[in-house]
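The values are calculated or read from the model by the stated rules, or taken from the named source; none is laboratory data. Note that the structure is predicted; figures quoted are calculated from it, not measured. Note: ideal-geometry Cβ built from the backbone for every residue, glycine included; neighbour counts use all protein chains shown. What goes into the accessible areas is simple: the full protein's heavy atoms, side chains included, and nothing from ligands, DNA or RNA. Shrake-Rupley method; radii C 1.70, N 1.55, O 1.52, S 1.80 Å.
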Amino acid sequence: MKKNIKLLLPAYFVLLCACNSGSASNQSTNATSSDTITTFILPSIPPMYTTPEQRADFLIKHYWDHINFADTNYIHHPEVTEQGWANYCDILNHVPLTTAQEAIRGVMDKANVERKVFDHLADLADKYLYDPNSPMRNEEFYIPVLEAMIASPLLNETDKIRPIARLKLAEKNRIGTKALDFTYTLASGAQNSLYHIKSRYTLLFISNPGCQACGETIAKLKSMPVINQLIANKSLTILSIYPDEELDEWKKHYNDFPTEWINAYDKKLAIKEQQLYDLKAIPTLYLLDKDKKVLLKDAPEQAVEEYLLIH
């Protein structure tokens, strides 16, 4: 079930509107004793910045200028702070990745003055950028948050155990790196490896038998002309891999998968026990190139379709 993620202001509105500064959030650097939070004040974009790219770049770098991170009142106003964070996450998609990551590091650094505020931003990042049910999830945006948590002087060693573990897993199979290899086993008992697949693209589909979301994803992939065309001309191989040990269930649902796909299981349980791949969400899709470099990680099927149509 998807969580109730707050509605965003349309990106074009955020980028093109005149953002005038006000005083509601422009507090001193000391914590305030009274609650004066009424709205999220955006920075004024200088008129010299006229293109959407320039305006997005300025806005993402100055988005939090009028927020006093020592003021814990912000955590009690989700209509201000959480909505502001949601809009911020949307704008991150309109700047280069390196710019977005640097901006995220900057806001987390600013929040290091107050533990409650820092924790609140970390929780929002978890909800919007990490939670598998969030339509805005983005691991590349979440990694700087994890790095900031690990480096934060506000957190003790116990507090850092979870972000350390999450960062270790997030750094595996990142876009642009080679996917980790593993051996898969067919129903016949025959075995082969991910790297042995020689097609131009490989779509790795990590799934569980009988799960509703898996069935829906299978149906969507089967209905995509570009998927069927690439499979027909042997440019795409879909490897459906079951990572758990309940083989009776896997065999029971074996026919749920198209015969054109490779339907296999992980006999050694390497994916699960060695944490080769992040299994926080099932199903999980990875699109790989001919050299097994990751093109898309934990991507929705629509993103896979769009990528294959463009490339």
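Rounded to the nearest whole Å², what accessible area per residue is found for region 259-311 with the 1.4 Å probe?
The answer is 50 Å² per residue.
Towards the positive end of the charge dipole of the chain, with charges on Cβ (+1 Lys, Arg; -1 Asp, Glu), say which of PHE58, LEU288, ILE91 has the farthest Cα.
Farthest towards the positive end: LEU288.
Work out the length of the dipole vector of region 181-311 about its Cα centre, built from +1 on the beta-carbon of each Lys and Arg and -1 on the beta-carbon of each Asp and Glu, and round it to the nearest 20 debye. Can you show the working numbers first?
Values: 15 positive and 18 negative charges, 93 e Å.
I would put it at about 440 debye.
Which of the following values of Kirkwood radius over Cα pairs in Å was calculated from the structure shown: [x] 21.6; [y] 19.9; [z] 20.6?
For Kirkwood radius over Cα pairs in Å, the calculated option is [x].
Going through the cross-link list LYS172/LYS297; LYS172/LYS292; LYS61/LYS160; LYS127/LYS178; LYS268/LYS293; LYS116/LYS160, which pairs have a Cα-Cα distance over 20 Å in this structure?
With Cα atoms farther than 20 Å apart: LYS61/LYS160; LYS127/LYS178; LYS268/LYS293.
Over what distance in Å are the Cα centres of region 109-173 and region 193-218 separated?
Distance between centres, Cα-based: 29 Å.
Let me know the shape class of region 174-284, please: from the alpha-carbon gyration tensor, a ≥ b ≥ c as square roots of the eigenvalues, rounded when a/c is under 1.5, otherwise prolate if a/b is greater than b/c, or oblate.
Here region 174-284 falls in the rounded category.
Using a 1.4 Å probe over the heavy atoms of the protein chains, calculate the carbon and sulfur portion of the accessible area of region 86-232 as a whole percent. Before the final figure, lay out the partial values.
Values: 3490 of 6680 Å².
C and S atoms contribute 52 percent here.
Please give the charge dipole size of the chain, origin at the Cα centre, charges +1 on K and R Cβ atoms and -1 on D and E Cβ atoms. Round to the nearest 20 debye. All intermediate terms of the calculation are to be shown ahead of the outcome.
Values: 33 positive and 39 negative charges, 159 e Å.
Value, rounded to 20: 760 debye.
Give a residue-ordered list of calculated ³J(HN,Hα) values for region 144-160 (Karplus: 6.51 cos²θ - 1.76 cosθ + 1.60, θ = phi - 60°; whole Hz; x for Gly, Pro).
Result, ordered by residue: x, 5, 4, 4, 5, 5, 5, 8, 5, x, 7, 9, 8, 4, 5, 4, 8 Hz.
Quick one: which of 206-218, 155-167 comes out on top by average Cβ neighbours within 10 Å, and what's the full order, highest first?
Descending packing order for the listed peptides: 206-218, 155-167.
List the lysines whose Cα sits under 19 Å from the Cα of LYS267, skipping any in the same chain fewer than 8 residues away.
By straight Cα distance, LYS267 reaches LYS251, LYS252.
Name the residue from LEU276, LEU308, ASN255 whose Cα lies farthest towards the positive end of the charge dipole of region 244-311, charges +1 on Cβ of Lys and Arg and -1 on Cβ of Asp and Glu.
So the residue we want is LEU276.
Modelling each spin label as a point 7 Å along the Cα-to-Cβ direction, I'd like the LYS290/LEU269 distance in nm, to one decimal.
Simple spin-label model gives 3.8 nm for this pair.
Considering the options THR185, ILE164, ALA125, tell which one lies farthest towards the positive end of the dipole of region 95-196, charges being +1 on Lys and Arg and -1 on Asp and Glu at the Cβ, about the Cα centre.
THR185
Let me spell out the model: positive unit charges on the Cβ of Lys and Arg, negative unit charges on the Cβ of Asp and Glu, origin at the Cα centre of region 93-200. What dipole size does that give, in debye rounded to 20?
Working: 15 positive and 14 negative charges, 82 e Å.
In debye, rounded to 20, region 93-200 gives about 400.
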